[in-house]
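Bear in mind that the values in this text are calculations on the coordinates, not laboratory data. Keep in mind that what you see is a predicted model, and the values were worked out from it rather than measured. A quick note on method: Cβ atoms are made from the backbone with ideal geometry, for glycine too, and the neighbour counts reach across all protein chains shown.
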Amino acid sequence: MYRYDEFDQQLVNERVAQFSGQVARRIKGELSEDAFKPLRLMNGLYLQLHAYMLRVAIPYGTLSARQMRKLAHIARTYDKGYGHFTTRQNIQYNWPKLAEIPDILNELAEVEMHAIQTSGNCIRNITADQYAGVIEGEVEDPRITAEIMRQWSSFHPEFSYLPRKFKIAVTAHKNDRAAIRFHDIGLVAVKRDIGEKNYEIGYEVHVGGGLGRTPFIAKKIRDFVPKAQLLAYLEAIMRVYNMLGRRDNLFKARIKILVHEIGEDEMRRLVEAEFAHIDAAKILAVPKQELDRIGAYFAPPNYESLPAESDILDKARSTDKAFDHWVQTNIVDHKIKGYAIVNISLKPIGGVPGDANAEQMDAIADIASQYSLDEIRVTHEQNLVLPYVKKHDLKNVYDMLAAQNLATPNLGLISDSIACPGLDYCELANARSIPLAQEISQRFADLDRQYDIGELKVKISGCINACGHHHVGHIGILGVDKKGTEFYQLSLGGAGDETASIGQITGPAFTGDEIVDAVEKLVTSYIDLRQPGERFLDTYRRVGLTPFKEQLYAPD
Amino acid sequence: MAQHATKTARFQAVTANTVQQGEVVYFAENGAWQPRLDQAIIVEGNEAAQALLQKAQRPDAELYVVNMYLFEVVKTKNGFKPLSVRETIRAAGPTTRLDLGKQAQGE
Amino acid sequence: MPLIKDKQFVDDPFTQIDDQAALPDSPVIVSLARLQTEAQTLAARNQPLGVIIRADNIGKTKAGENVRDLTDYLPILSLVALEFPEFRNGRGFSAARILRDELHFTGEIRAVGEVAFDQWAFMMRCGINAFEVGAHVTLAQFSEALGELSKAYQPACDDKKPILWRR
Ligand code: SF4
């Protein structure tokens, strides 16, 4: 993975020093809250319901074991023993004290981490496919591009005061696990034939996707941007947005609204015109040496040559049913023979989606050191990944995970729901999200039942900001507020992958007491309606909203 | 921000978060900020509420607290309680972690 | 308001004048509208000329005035003032870069309005070389703000050599 060099480290250190000074001035009363607020927001520090919240960036979701240990240490020393992994592949601490923020940032800087640009109207942490580099069928490791974009977007002088926050995601695989069509800019690395069996790598560019109050699927504005021109093309998009994006209305300030208002064709025309100016200057083409230097950090590790199948694994599977379930559900094929990609579910039955305590984080770091070449990934579905586990080590890994309640075999199943912090923590929330996720997973705890239901993505947000991605849930749940009490709106048929779709609202909202029953009714309807081999989403797409709605609102 | 003070509210109190920790506090006697709602000054009627808020907004208040506002409380047989779920959670702590927040301090 | 130009406090020779006001015999800053309607008269004067680009929400795009409308007038302009109506509004950063990189304007680009301590360095990188500052601002503070981040990752309009290009 990428390692800081002296430049990266120096900039992070300088930023920590700068913010430490600002914190000290605020505490002494030399800085007013009005002046301090935008500064703390630029450093990932929010004020939530009960305390401050610090959001730490995990660039493209890749962590080393050492970094994970530091995250555990921070949870234990400065917070209340846990952290929350978010849908943006970041981690949030819910209880830091203002005076200790500089210490936390210094600790993070020791392991090449920071909280810069995790809030504010700037280019946020860049996200990527969690299986980058280890999944079969990739054009290249998308983290090379993500890292270049990370550097380019860090402290960008022109784009740090945009109309609104800006999110970029990248994948290099036809199966979209990074929800790139729901980002301000989504990139797909693709190959282009240049004759004589040679090819060139570039990017398909999608612009103006997003969730929130007005969800949109991004529009593809370019089929191919050559690699060397990517930054110039990105600056062109950003400049069009910075010049024309709306600043008169917070809810209309995202680039998706601009694209919607001026239209896809006009957007393309403006970006191309801007691109022509910027590209002509040639200053944004990253030199080949630097591309190679960054690429080298993501070069495949020295894989051992292993047999495709492992006797140890087969034997363990045949004798341990729980392990067998876990392998079936949480393991994904690795591109290298004899290796496996392990998904660690952070959704134990009845647990808080995405939360991990310090002991669990330490355990995961140890497992990664011992069995996964020191590396861990964070997924936007709030789980973790061990990308380099040998098949014959799977049972050991499983046992160690199980000892920490980290081996729930539910990846992609109904109990693997996404939930934002909601009204239990979040200042902006209308309703709680976490308790719903907990109740749903308890209601459907029975594994045979979950397997029978099959893939079903439940996504829950506590307000229209949609941090829980409810619009792209097969079943989406949105918390709304009616005179200080919580209500929940259901939507069906959303998908965040390459078949992108936005869920349709079923009808009147439900109370907190009714909502889990309502979800169960939807599941029952699906089981009645499905044809062999159909997932929930397939059935929904075939039959539409009506049959589900009839069941849902039928008088008991 | 879902805040629930309304002109029709009968009883109200003033709340804020501390600068140091972001902790929830309530405006109390002698200009102090206290961590528990039962220590807060509760006033009746909109006029009294506005007056209370004004009193809380001393020029130096920003040194100690931020995010100050009025919210509605209701009288119960166990004293005043917040009307909204939001303020109930602020007064107690996360409902999913009963070991954290004010509720954990056994009060 | 005090003015820092090219990292020094300087006296401001320019006066900003209303669209209706008579032209004094000294350097002036006019509105875009006045520049467009009176370009010939303004050019004929033997005094430096400046224009201010407003960030107000104008017309349907709500995106303020467009620096590209200055293209034809740049030869007669010594100064372009960019209005920053509030801390959050960073449109002027792009306007400055368009002026420098695309339109190759070499005169003074001045930031006016709500310009904060923490923005000077970025503005400088975007080609803004003059700043209206509050009465309390000292040169020491100004240089401190510029020096807080010693390096930059990406190229812009200054001579900082970007990290992505120099390793
Ligand atoms: S969706 Fe709303 S409630 Fe949930 S974390 Fe985001 S802002 Fe908070």
Footprinting exposure proxy for A:Lys321, B:Lys55 (fewest neighbouring C-beta atoms within 10 Å first) = A:Lys321, B:Lys55
Can you pull the mean other chain C-beta count within 10 Å for peptide A:157-170?
-> 5
Using only the alpha carbons of the range A:85-151, determine the length spanned along each of the three principal axes and report them from longest to shortest in whole angstroms.
-> 48, 23, 21
Averaged over C:148-161, how many beta carbons belonging to a partner chain fall within 10 Å of each residue's beta carbon?
-> 5
Give the Rg/Rh ratio for the range B:11-105, taking Rg as the radius of gyration of the Cα atoms and Rh as the Kirkwood radius, to two decimals.
-> 0.96
If you project the alpha carbons of the range A:134-297 onto their three principal axes, what span does each projection cover, largest first, in Å?
-> 50, 35, 29
Among C:Glu65, A:Glu140, A:Glu30, which comes first, second and so on when ranked by fewest other beta-carbon atoms within 10 Å?
-> A:Glu30, A:Glu140, C:Glu65
Convex hull over the Cα atoms of chain C, averaged projected area in nm²?
-> 10.6 nm²
Using Cα pairs closer than 8 Å and at least 6 residues apart in sequence, work out the relative contact order for chain B, in percent.
-> 29 percent
Express the relative contact order of chain A as a whole percentage, based on alpha carbon pairs under 8 Å and six or more residues apart in sequence.
-> 12 percent
To the nearest 500 deg cm²/dmol, what mean residue ellipticity at 222 nm is calculated for chain A from DSSP H runs of n ≥ 4 alone, each contributing -39,500 (n - 2.57), summed and divided by the residues?
-> -12000 deg cm²/dmol
Distance between the range A:478-499 and the range B:82-104 - C-alpha centres, whole angstrom = 23 Å
Among C:Cys126, C:Cys157, A:Cys463, A:Cys420, which comes first, then next, by fewest other beta-carbon atoms within 10 Å?
-> C:Cys157, A:Cys463, C:Cys126, A:Cys420
For chain B, what is the mean residue ellipticity at 222 nm derived from helices alone (per DSSP H run of n ≥ 4: -39500 (n - 2.57); sum divided by total residues; nearest 500 deg cm²/dmol)?
-> -5000 deg cm²/dmol
Averaged across the residues of B:15-23, what count of C-beta atoms belonging to other chains lies within 10 Å of each residue's C-beta?
-> 6
Of all the C-alpha pairs in the range A:418-553, what % are more than 22 Å from each other?
-> 32 percent
Cα-based convex hull volume of the protein assembly as shown per residue, rounded to whole Å³ | 189 Å³
HN-Hα couplings for the range A:280-288 via Karplus (6.51, -1.76, 1.60; θ = phi - 60°), in whole Hz with x for Gly/Pro, come out as 4, 6, 6, 6, 9, 7, 5, x, 3
How large is log10 I(q)/I(0) at q = 0.16 Å⁻¹ when the Debye formula is applied to the Cα atoms of the range A:1-100, each weighted equally and without solvent?
-> -0.80
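What fraction of the DSSP beta bridges in the range A:154-215 is antiparallel, stated in percent and rounded to the nearest 5?
Rounded to the nearest five, the antiparallel share is 70 percent.
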